[in-house]
Amino acid sequence: MVQHEKVYDFVKEGYFNVNIFFKGVIVIRGKIKTETGLLIGSLAEEIEIGKVDQFVVRDPITRKPYVPGSSLKGRMRCLLEYKYEKVSSFEVHSCADPSCEICRIFGSKENIIYGPTRVGIFDAILTEESRKELESKGLGNYVEMKVENYINRVTGRAEAPRVFERVPAGVFFNLTINYNVFDVKISKTDKEPEKGSEKYEKYVEIVNSLDKINEVLSMRVDVEYLKHVFEGLLIIEDVGIGSSVSRGYGRVKFIIEEIEVRPLSYYQSKGNAIRINLEKIIGPPVEEKFGYKGWRPIDILRNFDKIKQEIINALSSE
Ligand SMILES: [Zn+2]
């Protein structure tokens, strides 16, 4: 198999063209439900020493807590790096292999031929129903205060209690994940290295593997890799997000309400956004508080092959 760093070098020298065709966006909407108190901390407010040791991150205008998209994306990437055995140093994993699920979905620092980062996660805003509920319970600040004691091992006394803000359990946030799909094609240009040279041999090696390389770079593989996003959500459900997960904080549940495909034709104002009929594929959704309805990441993963085919059909619609 051809090394992709080598392909990049040949592209840079003008022996091959890289054409990146934008095929559309898959929009995943749903809810994040806190199952235990959630603390995604804000450094900005830690100046106010004496009262609260750690604050939750809040929207500076509405003062409502939210779940930063960057926290979710970072947590997801990190957990998937472990799952796919890509952790070998203290650094964030980064490589140039287009078949690498981590770098293709989340981005790479290397010189790559497979185009931009595929996944984006918006900041998850508190739902209106949860906002009203918290306000009606007198939590105008939208958080609970959790006092934690440190036990002095010699005296056995509780010392220096610390106070944390947490979003209470049972609160919902609106989740939106975007997944961009591309079809990348590498093709020969008129330029060729001098015949008989060492470079020419390497060039021929790449030319002979072009079909294989283009298969790896195809939109089918992009859509296939969407499953890793749901795997990421599935692991987050078990290991939590934010601070103090080892002390019981940050357990969340994801409810997937819809998967909508916006093919290129949609952005050309010709075609429509297509909603994948999850009910037909998976069965009836699970009902949650406030009448929210949706499916769990595990339901999506167990039916992923069918969902993938529907997404590919939708992306190919003119
Ligand atoms: Zn990689």
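Just so it is clear, none of the values below were taken in a lab; they were calculated from the coordinates. Nothing here was measured: the structure is a model prediction, and the numbers come from that model. Note: ideal-geometry Cβ built from the backbone for every residue, glycine included; neighbour counts use all protein chains shown.
Could you compute how fast the chain diffuses translationally, taking Rh as the Kirkwood radius over C-alpha pairs and applying Stokes-Einstein at 4 °C with viscosity 1.567 mPa s? Give it in µm² per second.
For these conditions, the coefficient is 58 µm²/s.
Around Lys132, under 13 Å between beta carbons, what's the net of Lys plus Arg minus Asp minus Glu among the other residues?
Charge balance near Lys132 sits at 0.
Sequence gap at least 6, Cα distance under 8 Å: using those rules, report the relative contact order of the chain to the nearest whole percent.
28
Name the residue farthest towards the positive end of the dipole of the chain from the options Leu79, Ser243, Ile112, assuming +1 on Cβ of Lys and Arg, -1 on Cβ of Asp and Glu, about the Cα centre.
Ser243
What does the charge count near Val2 come to, summing +1 for each Lys or Arg and -1 for each Asp or Glu among other residues with Cβ under 10 Å from its Cβ?
Details: positive: Lys6, Lys202, Lys212; negative: Glu5, Glu205.
Here the charged neighbours net out to +1.
Quick one: Debye curve from the alpha-carbon atoms of the range 238-318 only, equal weights, vacuum; give me log10 I(q)/I(0) at q = 0.22, 0.23, 0.24 Å⁻¹ to two decimals.
-0.99, -1.02, -1.06
Would you mind calculating the relative contact order of the range 45-150 from Cα pairs under 8 angstrom and at least 6 residues apart, reporting the percent as a whole number?
Once normalised by length, the contact order is 24 percent.
Write down, largest first, the equivalent ellipsoid semi-axes of the range 177-289 in whole Å, where each equals the square root of 5 times an eigenvalue of the alpha-carbon gyration tensor.
43, 23, 12
Taking the Cα centroid of the range 113-174 and of the range 214-236, what is the distance between the two, rounded to the nearest whole Å?
30
For n ≥ 4 DSSP H runs only, could you compute -39500 (n - 2.57) per run for the chain, divide by its residues and tell me the 222 nm figure to the nearest 500? Please list the in-between numbers first.
Details: 11 runs with 105 residues, N = 318.
Value at 222 nm, helices only: -9500 deg cm²/dmol.
Check which residues have an amide H placed less than 5 Å from Lys23's amide H, if you skip close sequence neighbours.
Answer set, sorted by chain and number: Val181, Phe182, Asp183.
Run the quick spin-label model on Ser88 and Glu318: label points 7 Å from Cα toward the beta carbon, then report their separation in nm to one decimal.
It works out to 4.7 nm between the two label points.
Please compute the length gained on full extension between Lys253 and Leu210, using 0.36 nm multiplied by the number of residues separating them and subtracting their Cα-Cα distance.
Here the answer is 11.2 nm.
Mean shadow of the range 107-215, computed from the convex hull of its alpha carbons, in nm²?
Its Cα hull, projected and averaged over all orientations, spans 15.7 nm².
Counting Lys and Arg as +1 and Asp and Glu as -1, what is the net charge of the other residues whose Cβ lies under 11 Å from the Cβ of Pro284?
-1
Order the peptides 114-120, 166-172 from the highest to the lowest mean number of other Cβ atoms within 10 Å of their residues. Please list the in-between numbers first.
Values: 114-120: 18.4, 166-172: 21.1.
The densest-packed peptide leads the list: 166-172, 114-120.
What is the calculated FRET efficiency for Met145 to Val286, with r their C-beta to C-beta distance and R₀ = 35 Å, to the nearest 0.05?
Efficiency, rounded to the nearest 0.05: 0.65.
Across 10 Å bins from 0, what is the distribution of all Cα-Cα pair distances for the range 54-173, in whole percents?
Per 10 Å bin, starting at 0, the Cα pair percentages come out as 11, 28, 21, 25, 13, 2, 0.
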